[in-house]
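Following: one structure in structure tokens, then a few remarks.
The values are calculated or read from the model by the stated rules, or taken from the named source; none is laboratory data. Here the structure is a predicted model, which is why all the values come from computation and not from measurement. Note: ideal-geometry Cβ built from the backbone for every residue, glycine included; neighbour counts use all protein chains shown. Only protein heavy atoms, including side chains, enter the accessible area calculation; ligands, DNA and RNA are left aside. Shrake-Rupley method; radii C 1.70, N 1.55, O 1.52, S 1.80 Å.
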Amino acid sequence: MTVATNEWLNSLPKVELHLHLEGSLEPELMFALAQRNSIDLPFENVDQVRAAYEFSNLQDFLDIYYQGANVLIKEQDFYDLTWAYLSKCKAQNVVHVEPFFDPQTHTDRGIAFDVVINGISRALKDGEEKLGITSELIMCFLRHLSEEAAFNTLAMAEPHLDKIIGVGLDSSEQGHPPEKFSRVFAKARDLGLLTVAHAGEEGPAEYVWTAINDLKVGRVDHGVRSSEDATLMKYLVETRMPLTVCPLSNTKLCVFDDMSQHNIIEMLEQGVCVTVNSDDPAYFGGYMTENFVALASALSMSQNQAKALVSNGIEGSFANQARKDQMSDLIKGY
Ligand code: ADE
Ligand code: ZN
């Protein structure tokens, strides 16, 4: 068994299925946009911002994450945010991405839905043309808000269905079970959209079941608490339901005390379709390569295990079969 090295992990072609664009807002860009848009930040400099990124749970993080997004105002801001993420992907050999965006974080501040989605999609299109990174965009509903608010957001998205492949569910998990959004997800499916949902991050394995049964998700985001339910684990193995796991996020938000306790490699060995992702890299200390590196150093992840994790990402992606075949060929050579 060859333990994967940092350089090898960076060069390994990768796919990312769980990335919040708002969570890729680096402090440097936050300051630049604040200045461009004449917005006051409650920080003096980027070091102060980074020093504030100590979280003891998901809500701690969300409070600061929603505040950071206030600097995003114009279409070009959303373009620049997305482009900065794609440039990082290029440097780390991430060849396909399926990012999330949270329209309600912006529309609730008076930013038009079109401004948000047009900036993001223009950057994704340029990412494919100029960097060769293919992508599919996923629109998330904020689960701490109402079902009605989610329906309104879906209505705003209707003229833009050509730009999104699916809908997701994020924000504060505990107390906001997936079934709160059963009807809006049914409507989204009727519109031809695919579905994913955050479940089993801080919330119980029961939420993974309801994401699957009530929201009919094609992937579960996080899902690490599935390991507490043996019947669910058997189901995940049999159906190859993908879990988009985010190791650095899980340790930063204290889902696991330490990376050495993370269950991703154990789940991989049990036959679960687990994948590696960065979630909110600007807040959690790293992008795709750093997440893989953390697994190699804390859990002695081998090259074969790293390749299996990428293969799972390809299998679980919403890319078409031709692109999946192309990406599978890319990792065969490693
Ligand atoms: N929004 C951004 N990151 C999130 C996470 N890890 N869980 C839930 N909502 C989020
Ligand atoms: Zn997430």
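For the structure I just gave you, tell me whether His144 is touching a residue at least 24 places away in the same chain (Cβ under 8 Å), assigned to a strand (DSSP E or B) and in contact with a helix residue (DSSP H, G or I) (Cβ under 9 Å, 6 or more places away or on another chain).
Here the answer is no, as His144 does not meet what is asked.
Working only within region 196-225, note down all residues that are over 15 Å from Glu147 (Cβ atoms) and either of a type in the set (D, E, K, R) or more than 16 Å from ligand 1 (Cβ to nearest atom) (or both).
Listed by number, the residues that qualify are Glu201, Glu202, Ala205, Glu206, Trp209, Ile212, Asn213, Lys216, Gly218, Arg219, Asp221, Arg225.
If we keep just the residues of region 73-108 that are in a loop (DSSP other than H, G, I, E, B), in contact (Cβ under 8 Å) with a residue 40 or more places away in the chain and away from ligand 2 (no atom under 16 Å from the Cβ), which is least open to solvent (accessible area, probe 1.4 Å)?
Gln92
So, in region 109-125, of the ones that are surrounded by fewer than 17 Cβ atoms within 10 Å (Cβ to Cβ) and over 20 Å from the mean Cα position of the chain (by Cα), which residue ends up nearest to ligand 1 (Cβ to nearest atom)?
Once the filter is applied, the top-ranked residue is Arg109.
Would you check which residues across region 226-258 are within 16 Å of ligand 1 (Cβ to nearest atom) and open to solvent by 10 Å² or more (accessible area, probe 1.4 Å) and list them?
Leu248, Thr251, Lys252, Cys254, Val255, Phe256
Could you name every one of the strands (runs of 3 or more DSSP E) located completely within region 192-245 that has at least 1 residues being hydroxyl-bearing (Ser, Thr, Tyr)?
It comes to 194-199, 243-245.
Of all residues in region 129-153 being over 19 Å from the mean Cα position of the chain (by Cα) and charged (D, E, K, R), which is least open to solvent (accessible area, probe 1.4 Å)?
Glu147
Which one of Ala298, Ala308, Ala282, Ala294 is in contact (Cβ under 8 Å) with a residue 12 or more places away in the chain, closer than 16 Å to Thr5 by Cα and in contact with an Asp or Glu (Cβ under 8 Å, 6 or more places away or on another chain)?
Selected residue: Ala298, the only one of Ala298, Ala308, Ala282, Ala294 that is in contact (Cβ under 8 Å) with a residue 12 or more places away in the chain, closer than 16 Å to Thr5 by Cα and in contact with an Asp or Glu (Cβ under 8 Å, 6 or more places away or on another chain).
Check region 230-239 and report whether any residue there is charged (D, E, K, R) and touching a helix residue (DSSP H, G or I) at 6+ places or on another chain (Cβ under 9 Å).
no
Filtering region 173-191 down to residues that are open to solvent by 10 Å² or more (accessible area, probe 1.4 Å) and in a helix (DSSP H, G or I), which residue is nearest to Phe318 (Cα to Cα)?
Arg189
Hey, does region 5-20 have a residue that's within 16 Å of ligand 1 (Cβ to nearest atom) and assigned to a helix (DSSP H, G or I)?
no
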